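Trainee: I'd like to ask you about the structure that follows.
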Amino acid sequence: MNGVYKKYDKEVLRVDRLELLKGCIYGIIGPSGAGKSTLLRIINLLTPPTGGEVKYHGRPVAANGQERLALQRKMALVFQQTLLFKDSVFNNVAFGLKARGYSKSETEDRVSTLLEQIGMTELRNRRADTLSGGEAQRVAIARAVAFEPELLLLDEPTANLDPGNIEQIESMITGLAREKGITIIMVTHNVFQARRIAEQVMFVHQGRIVEIGATEKIFTEPEKESTRQFVEGRMVY
């Protein structure tokens with residue numbers, strides 16, 4: 001994206017330039033209200049920018065219409081608040097595949113494989129609204145990646161979960177990038193999580209991407225003082 005900004009009553013985000021690499025895991029960190037979720041929604045084409053240009057595979061994205069919808073179908077977005085259908089775990093994970101016209105046999109194979117990977121094979125017929133928070137989030141991510149999107153966006157996917165579920169979800173995220181080549185962008189308030197699984201980290205502050213770079217460099221040799229203060233646990237306003 002080039003020269004992208006978003007303005008409501010005031011400007012909440014401005015990105016001079018951002019280029020994402022295929023198959024990379026990005027962690028977006030920064031204080032609350034910094035513009036992290038707005039950036040995620042613009043990348044996902046859910047929120048149109050007030051100005052500037054968003055590109056996908058080097059081509060400008062139309063403001064609306066069929067082209068935009070076709071690109072959105074290549075992406076998946078998972079929010080902190082899990083939204084599942086009041087249906088079985090299997091049917092929740094299978095939803096995107098059925099909507100895209102996958103055959104019954106391929107849907108069965110893909111969903112069964114994913115449920116095994118997230119340790120929920122025995123719960124395939126359980127109603128999703130009876131799951132624990134961690135189980136529900138694993139199902140939400142499995143549903144999002146069942147059709148193997150090019151881009152997976154995660155907004156605080158492990159907030160308020162116990163360490164066991166966090167570990168399983170983090171393992172799932174890293175495995176998807178490694179095995180499927182899916183580009184993953186994850187907003188997280190947990191800087192330790194970003195350091196564990198992200199390959200590139202963006203620090204967002206006051207609506208700007210202050211710094212982006214290799215994870216260890218961001219945490220050990222940041223170029224900006226505000227980045228250093230944040231990763232060291234000092235509050236940044």
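The values are calculated or read from the model by the stated rules, or taken from the named source; none is laboratory data. Please read all numbers here as calculations on a predicted model, not as lab measurements. Here the Cβ positions follow ideal geometry from the backbone for every residue, glycine too, while neighbour counts run over all protein chains shown.
Trainee: Taking Ser226 as the residue in question, decide whether it is outside any strand (DSSP E or B), of a type in the set (Ser, Thr, Tyr) and exposed (fewer than 15 other Cβ atoms within 10 Å of the Cβ).
Mentor: Working: outside any strand (DSSP E or B): yes; of a type in the set (Ser, Thr, Tyr): yes; exposed (fewer than 15 other Cβ atoms within 10 Å of the Cβ): no.
Taking the combined requirement at face value, the residue does not satisfy it.
Trainee: Just one of Leu77, Leu40, Leu13, Leu46 is assigned to a strand (DSSP E or B) and under 14 Å from the mean Cα position of the chain (by Cα); which is it?
Mentor: Leu77
Trainee: May I pose another question? Assigned to a helix (DSSP H, G or I), surrounded by 23 or more Cβ atoms within 10 Å (Cβ to Cβ) and of a type in the set (S, T, N, Q): does that describe Gln193?
Mentor: no
Trainee: Are there any pairs with C-beta distances below 6 angstrom linking a residue in region 208-237 that is at negative phi and at pLDDT below 95 to a residue that is of a type in the set (Ser, Thr, Tyr) and not in a loop (DSSP other than H, G, I, E, B), with the two at least 6 apart or on different chains, and if so which?
Mentor: So the pair list comes out as Val236/Ser226.
For (1) over 24 Å from Leu21 (Cβ atoms); (2) of a type in the set (A, V, I, L, M, F, W, C); (3) at pLDDT 95 or above, each residue gets a yes or a no:
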{"site": "Leu115", "(1), (2), (3)": "yes, yes, no"}
{"site": "Gly134", "(1), (2), (3)": "yes, no, no"}
{"site": "Ala144", "(1), (2), (3)": "no, yes, no"}
{"site": "Thr158", "(1), (2), (3)": "no, no, no"}
{"site": "Leu161", "(1), (2), (3)": "yes, yes, no"}
{"site": "Gln168", "(1), (2), (3)": "yes, no, no"}
{"site": "Ile173", "(1), (2), (3)": "no, yes, no"}
{"site": "Arg178", "(1), (2), (3)": "no, no, no"}
{"site": "Asn190", "(1), (2), (3)": "no, no, no"}
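Trainee: Can you tell which of Glu211, Glu156, Glu199 is in contact with a Cys (Cβ under 7 Å, 6 or more places away or on another chain) and crowded, with 16+ Cβ neighbours inside 10 Å?
Mentor: Details: Glu211 fails: in contact with a Cys (Cβ under 7 Å, 6 or more places away or on another chain); Glu156 fails: in contact with a Cys (Cβ under 7 Å, 6 or more places away or on another chain).
Exactly one of Glu211, Glu156, Glu199 is in contact with a Cys (Cβ under 7 Å, 6 or more places away or on another chain) and crowded, with 16+ Cβ neighbours inside 10 Å, namely Glu199.
Trainee: So if I check each of Asp162, Asp109, Asp129, which one is charged (D, E, K, R) and in contact with a Gly (Cβ under 8 Å, 6 or more places away or on another chain)?
Mentor: Working: Asp109 fails: in contact with a Gly (Cβ under 8 Å, 6 or more places away or on another chain); Asp129 fails: in contact with a Gly (Cβ under 8 Å, 6 or more places away or on another chain).
Only one candidate qualifies: Asp162.
Trainee: Restricting attention to region 68-107, report how many residues are within 30 Å of Leu39 (Cβ to Cβ) and basic (Lys, Arg). Give the steps one after another, and end with the answer.
Mentor: Restricting attention to region 68-107, the residues satisfying the condition of being within 30 Å of Leu39 (Cβ to Cβ) are 68-85, 92-93, 95-97, 99-100.
Within this subset, residues satisfying the condition of being basic (Lys, Arg) are 68, 73-74, 100.
So the answer is 4.
Trainee: When the residues of region 25-81 are narrowed to those that are in contact with a Pro (Cβ under 8 Å, 6 or more places away or on another chain) and among the hydrophobic types (A, V, I, L, M, F, W, C), which ends up nearest to Ala159 (Cα to Cα)?
Mentor: It comes out as Val78.
Trainee: Continuing with the same structure: Step by step: first the residues of region 39-60, then only those that are in contact (Cβ under 8 Å) with a residue 60 or more places away in the chain and within 20 Å of Val210 (Cα to Cα), then the one that is surrounded by the fewest Cβ atoms within 10 Å (Cβ to Cβ). Which residue is that?
Mentor: Kept after step one, since they are in contact (Cβ under 8 Å) with a residue 60 or more places away in the chain, are these residues of region 39-60: 39-40, 43-44.
Filter once more, keeping what is within 20 Å of Val210 (Cα to Cα): 39-40, 43.
On the way: Leu39: 27, Leu40: 20, Ile43: 23.
My answer is Leu40.
Trainee: For region 16-37, enumerate the residues that are out of contact with any Asp or Glu (no Cβ under 7 Å at 6 or more places or on another chain), within 26 Å of Ser171 (Cβ to Cβ) and assigned to a strand (DSSP E or B).
Mentor: Hits for region 16-37 are Tyr26, Gly27, Ile28, Ile29.
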